[in-house]
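Report on the following structure.
Where a number appears in this text, it was derived from the coordinates with a stated rule and is not lab data. None of these values were measured; they are calculated from a predicted model. Neighbour counts run over all protein chains shown; Cβ positions are idealised from the backbone, glycine included.
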Amino acid sequence: MTHSFRAVRLAVPFSSLLLLAACGSNKSADQTSASSPAAADSTQTKSTAMPTSASFGKTNDGTEVQLFTLTNASGAKATITNFGGTLTSLIVPDKNGKMGDVILGFDNVSGYQSPEFLKSGPYFGALIGRYGNRIKGGKFALDGKTYTLATNNGPNTLHGGKVGFDKVVWKAEPGTSADGQTLKLSYLSKDGEEGYPGNLNVAVVYTLTNDNALKIDYTATTDKATPINLTNHAYFNLNHGAGKDILGHEVTIPADRYTVVDATLIPTGELRPVKGTPFDFTTPHAIGERIAQVPGGYDHNWVLNNAATPQHAAATVYEPITGRTMEVTTDEPGIQFYTGNFLDGTLKGKGGTVYGKHAGFCLETQHFPDSPNQPKFPSTVLKPGETFHSVSTYKFGVRK
Ligand code: BGC
């Protein structure tokens, strides 16, 4: 493993991390210095075919953006635009070998910039940063200084602020690795952007592997200490083609606890056991089975059980009609399971599909929401000299 920042933090049991943090000495977890370059710079044998690219239209300010298509040996495809680093489609086989798209999205960049889309803010498929999920009151203190962020979700900052990483144009470099075709996206988030400290250099490498997995590899360095929490906001519907909701999908999340939230979806700090509640996905449950017992629907962070191991299971999904399965693995300690509760039918996506409530679900691998204000949560602070490195993988298969 080439992890530096993440791996060391996760190399001690999570309970010890909490203890360390509670004692006000979570320093050891953060002091590790950097060593690892992005994993996709593999020198092993590479496949020769490169991803293809085509115009994806012009952004509202007139910048031409591209859509890159990654294809693997079995014909699966992922399309990604350099606008927001957004995954716009992922085409994988069902139990009969029929290929189909499993991602919510639009046919061109204007869909991602329409007034309706920006107003409702669903972040379809986008790269999320500098800080995924919420920061309470848009404020945090770091090294004795209080920082004020752009707020965009009631009193809070959500997914990076008003112009997060989902709304910027990334530098794109298509390539190949031993695992399959790749797209490397880079972005410099300047000191003070949305209120965050430090020039943050971010690189994200998407790889479509030959065994039908989409691997997302995130690295970042900074010149001032800053919180960082990067994720991808894909909405999945393993039967997207049928235009049905996701309530019949069966989900497993290996987490004995979740972070309890207040009315504005900010964690209270309590890690509550899921046992005996509708949050218990330690065994498979259809999303719709108990959702009515959760006011508003699922929109919570689960505390993953095996966070101490570098790559651990984060979720498994099975869709009984198509037989499609998806397995999520990560090195992050948490996952936000969000069931598209705020989709209301105003957005029309690819092929005219209307995206109503529960049209898709997200499984956002992450550190816990509002960690910058929660000293007992694993730290999200990246310091100069360290390299942030995190890898999450979404692997598709079928069950017959
Ligand atoms: C959040 C939701 C939010 C959604 C889209 C999710 O990560 O938890 O509350 O509505 O993103 O913005």
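Checked across the stretch 81-103, the condition of being in contact with a Pro (Cβ under 8 Å, 6 or more places away or on another chain), closer than 19 Å to H233 by Cα and within 16 Å of the ligand (Cβ to nearest atom) holds for no residue. Inside the stretch 112-123, can you point out the residues that are surrounded by 15 or more Cβ atoms within 10 Å (Cβ to Cβ) and within 10 Å of the ligand (Cβ to nearest atom)? Passing the criteria: S120, P122, Y123. Among the residues of the stretch 124-143, the ones that are out of contact with any Gly (no Cβ under 8 Å at 6 or more places or on another chain) and within 13 Å of the ligand (Cβ to nearest atom) come to 3 in all. Close contacts from the stretch 123-148, counting a first residue that is within 11 Å of P197 (Cβ to Cβ) and a second that is within 13 Å of the ligand (Cβ to nearest atom), with Cβ to Cβ under 6 Å and a gap of 6+ residues or different chains, come to R130/G160. Listed here are the strands (runs of 3 or more DSSP E) enclosed by the stretch 263-381 that have at least 1 residues being in contact with a strand residue (DSSP E or B) (Cβ under 7 Å, 6 or more places away or on another chain) and more than 16 Å from the ligand (Cβ to nearest atom): 267-273, 312-318, 324-330.
Out of all the residues in the stretch 73-95, which are free of Cβ contacts under 8 Å to residues at least 40 places away in the same chain and more than 22 Å from the chain's Cα centre (by Cα)? Passing the criteria: only G75. Applying the selection to the stretch 382-400, what residues are within 16 Å of the ligand (Cβ to nearest atom) and of a type in the set (A, V, I, L, M, F, W, C)? Answer for the stretch 382-400, where residues must be within 16 Å of the ligand (Cβ to nearest atom) and of a type in the set (A, V, I, L, M, F, W, C): there is none. Return yes when D344 is over 17 Å from the mean Cα position of the chain (by Cα), under 22 Å from N133 (Cα atoms) and of a type in the set (D, E, K, R) and no when it is not. Yes; evaluated as a whole, the condition is true for this residue.
Apart from one condition, T146 fits all of (1) more than 20 Å from V261 (Cα to Cα); (2) within 14 Å of the ligand (Cβ to nearest atom); the exception is (2).
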